[in-house]
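Note sheet for the following structure.
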Amino acid sequence: MSMLHWFWYQMRNSSSAAIGRIYVYNFMLLKLLSPARTEQLDPYRNAPKIPVRIYTFKVELIGSRNPVISRTFSVPASWTFQRLHAAIQYAFGWQNCHLHHFTFEPARRPPTREERRFISMDYREKLVVIHMGTPEDEDDDWATSARARFSEKEVKLNDLFEETGKYRKMALKDGAMGKCYYLYDFGDNWEHQITLISAETSASGVKDLKVIEVAGCAPLEDAGGIYG
């Protein structure tokens with residue numbers, strides 16, 4: 001299903017009250033994921049393709065079972081985390097109507113007894129936080145305690161996932177790369193784990209999202225979370 005077909009499917013199967021919201025929020029996804037229309041008028045469009053570095057990710061919805069809900073797709077390594085957000089939204093069928101952020105964290109551990117007393121406490125260590133605004137916009141304690149904070153509009157995937165990436169060291173602890181997570185909807189807390197499966201150079205010069213594998217049906221928006 002193409003991005004436009006998916007968009008119109010949502011419009012056709014939604015109530016009139018929801019159509020406006022779907023249009024506004026999904027227009028941004030289409031804009032971020034679609035290649036520039038000016039390429040159609042580019043006089044050099046038939047020139048030899050420049051090799052493009054491609055990352056293949058597997059994104060799993062944490063807590064899902066029988067089956068584990070996941071999406072596997074490839075995107076250019078030069079994409080920003082904002083475009084990765086759009087790719088995840090498209091692949092899972094989210095409507096892009098809630099806040100989100102990315103984090104890189106060391107190996108997770110069970111909470112201590114003291115931490116379990118405070119349900120709202122995010123006890124997990126954050127190495128890197130990548131969020132929607134600028135670092136100055138983020139004033140949460142858990143975010144300010146992170147080693148580094150960035151705007152998703154400015155940081156590219158290869159800045160962190162490439163061994164020579166300029167922010168790679170920020171996401172390392174004891175020589176090990178922190179795991180990447182994507183949290184969508186701070187109320188329902190849909191948490192996704194992002195795993196880099198492969199990194200290769202494509203001679204075709206493809207610059208678009210390519211969905212490779214889909215497992216399980218994604219939950220509905222505002223369903224109350226993975227246990228809701």
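State whether one or more residues within segment 75-92 are in contact with a helix residue (DSSP H, G or I) (Cβ under 8 Å, 6 or more places away or on another chain), within 26 Å of Ile194 (Cβ to Cβ), surrounded by fewer than 18 Cβ atoms within 10 Å (Cβ to Cβ) and modelled with pLDDT under 70.
The answer is no; no qualifying residue exists.
Among the residues of segment 176-183, is there at least one that is within 17 Å of Lys58 (Cα to Cα), touching a helix residue (DSSP H, G or I) at 6+ places or on another chain (Cβ under 7 Å) and at pLDDT below 95?
yes
Assess whether Asn46 counts as being of a type in the set (S, T, N, Q) and either at pLDDT below 65 or farther than 25 Å from Thr195 by Cα (or both). Step through it out loud before you land on a result.
Values: of a type in the set (S, T, N, Q): yes; either at pLDDT below 65 or farther than 25 Å from Thr195 by Cα (or both): yes.
It is true that Asn46 is of a type in the set (S, T, N, Q) and either at pLDDT below 65 or farther than 25 Å from Thr195 by Cα (or both).
Of all residues in segment 99-109, which are touching a Gly at 6+ places or on another chain (Cβ under 8 Å) and surrounded by fewer than 18 Cβ atoms within 10 Å (Cβ to Cβ)?
Pro106
List, please: which pairs have Cβ atoms under 7 Å, are six or more places apart or on different chains, and start with a residue in segment 187-213 that is without any contact (Cβ under 8 Å) to a residue 60 or more places away in the chain and end with one that is part of a strand (DSSP E or B)?
Close Cβ pairs satisfying both conditions: Asn189/Leu183.
Taking Phe57 and the conditions (1) modelled with pLDDT under 95; (2) among the hydrophobic types (A, V, I, L, M, F, W, C); (3) in contact with a Ser or Thr (Cβ under 7 Å, 6 or more places away or on another chain); (4) not in a helix (DSSP H, G or I), which numbered condition does it fall short on, given that it satisfies the others?
Phe57 satisfies all of (1) modelled with pLDDT under 95; (2) among the hydrophobic types (A, V, I, L, M, F, W, C); (3) in contact with a Ser or Thr (Cβ under 7 Å, 6 or more places away or on another chain); (4) not in a helix (DSSP H, G or I) except (1).
In segment 141-157, is there at least one residue being assigned to a loop (DSSP other than H, G, I, E, B), of a type outside the set (A, V, I, L, M, F, W, C), touching a helix residue (DSSP H, G or I) at 6+ places or on another chain (Cβ under 9 Å) and modelled with pLDDT under 90?
Yes: one or more hits.
The values are calculated or read from the model by the stated rules, or taken from the named source; none is laboratory data. Since this is a predicted model, take the numbers as computed values, not measurements. Reconstructed Cβ throughout: ideal geometry from the backbone, glycine too, with neighbour counts over all protein chains shown.
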